[in-house]
Amino acid sequence: MSKATTPSPDATSSIQRRPVCYAIASFCLGAWAFYEVNTISGPYFEPILAACNNPDISADNFAQKTGYHSYEPKLGLGAFNVLVCLITQFLLELRTTYPAGILTWGGVVVVSLPLAVSNMVAAGRKGAIGPVRYPTIFGLLFQLFGISVIFPMLYNPSYIFSGSKRGVPTTSLRVIAATLMALPGVILTFLVFYVPTESYIWTCAAGILGGPILVLVSLTMWTDKSSSLESSTRNITKSSDAIQKAYSLLAIVCFVFWSCLMTIAFQSYGFALDLLWRDIWVEAGPSVAFMTIDTGVLYLGALLLIAYESEWKAIKAVLVTPIVGPGTALCLVLKELEFEATTALLAGEKKDV
């Protein structure tokens, strides 16, 4: 019978440095995104914010008095009316900047779909501590400050030090809810970019897509019992199967959505990538440039999260991305991480028996 080996001091030190290094790198990425988006879009947002915050202008005559698009204050639930007002104008600019607007916004939606499931599941795992347990708060911060800022700067470090481990079971209800809550963003994106902007449907779709309502739906998971779920073989297997199926479903959704975006890009630019880059960055308006940063930084943030657990999986996601798109690539490696973590957890349980 072999004796258990004690890790060397150098190996222990390396293990301890790993989470700190990844957390710092991710925080710096988010801080850079915060600086860039504020530099680019700050001057553009200032007059809109002033108009949205003006107490002398009611929502009923907002468009008439300001020249901006009308918004639906009910979607702000009182506390977030300014956010709904602002995001409505933001999405209007993206809508009127075709095809750059839909390409950049769509890129963020594609990348965020697998993260929506990953975040919600991580929040419910037994043993998780800290901010990662409160996805609703993170969701509101994503809406208020931009997902490219908050995800790498705050979410990743909180996940790294949360103690939330893949393979630890959650309820099927949480997995199903996480998957279903990720899908409305795709439908609302279609409405925002294809329904006439003069219609009330467009106004509501814009307010819901960028406002608090979609995020607050996650409060329905407050009474979920995942954090107290026993890590039995049955629960681990059942949970892992559900999570892997969720990633498989979203992988298909992401691939279809990404294919649509690539079709739009090809119809507009062909193989002229310099023209595409001109429209989404070099000569882009504030909203489009904002979303270009959002897409790129969110993708890098997701890769950092994956690399913390497995550098090879992050490299694999990068290699697969040109073939299937970023969202599907992330779904595939997250599914593999869940499978491998579950296998290791079950193997450990068998040894204990």
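Taken one residue at a time, the phi angles of the stretch 131-144 give Karplus couplings (6.51, -1.76, 1.60, θ = phi - 60°) of x, 4, 6, 10, x, 5, 5, 4, x, 5, 5, 4, 5, 6 Hz. Gly and Pro are set to x.
The apolar share of the surface of the stretch 17-94, taken as the fraction of accessible area on carbon and sulfur atoms (1.4 Å probe, ligands and nucleic acids excluded), comes to 62 percent. Calculated [222 nm] ellipticity per residue, helices only, for the chain: -24000 deg cm²/dmol; basis is -39500 (n - 2.57) per DSSP H run with n ≥ 4, divided by all residues, nearest 500. Within the stretch 30-136, the proportion of Cα pairs with more than 16 Å between them is 71 percent. Qualifying chymotrypsin sites (Phe, Trp or Tyr not before Pro) in the stretch 210-295, where qualification requires a DSSP coil assignment and no more than 14 other C-beta atoms within 10 Å, comprise W222, F271. By the Cβ-Cβ criterion of under 4.7 Å, the unpaired cysteines of the chain are C21, C28, C204, C254, C260, C331.
For trypsin sites (Lys or Arg not before Pro), the sites in the stretch 219-288 that DSSP calls loop and that have at most 13 other Cβ atoms within 10 Å are K225.
Lysine pair count for the chain (Cα-Cα distance under 19 Å; residues 8 or more apart in sequence or on different chains): 17.
Rg/Rh for the stretch 80-239: what does it come to with C-alpha atoms and Rh from Kirkwood? Here Rg/Rh amounts to 1.02.
Residue-wise HN-Hα couplings along the stretch 149-160, as the Karplus relation 6.51 cos²θ - 1.76 cosθ + 1.60 with θ = phi - 60° gives them from phi, are 8, 6, 4, x, 6, 10, 5, 4, x, 5, 5, 4 Hz; Gly and Pro carry x. All Cα-Cα separations within the stretch 72-117 were binned at 10 Å from zero, giving a P(r) of 25, 34, 39, 2, each value a whole percent of the pairs. For the pair the stretch 282-353 and the stretch 132-175, the centres of their Cα atoms are 14 angstrom apart.
Loop-only check: which chymotrypsin sites (Phe, Trp or Tyr not before Pro) in the stretch 125-184 are DSSP coil with at most 15 other Cβ within 10 angstrom?
Qualifying residues, ordered by number: F161.
The values are calculated or read from the model by the stated rules, or taken from the named source; none is laboratory data. This one's a predicted model, so the numbers in the text were calculated from it and none came from an experiment. Quick reminder, even Gly has a Cβ in these numbers, built from the backbone with ideal geometry, and neighbours come from all protein chains shown. The protein model used for the area step is the full one, side chains on, heavy atoms only, and it has no ligands, DNA or RNA in it. Shrake-Rupley method; radii C 1.70, N 1.55, O 1.52, S 1.80 Å.
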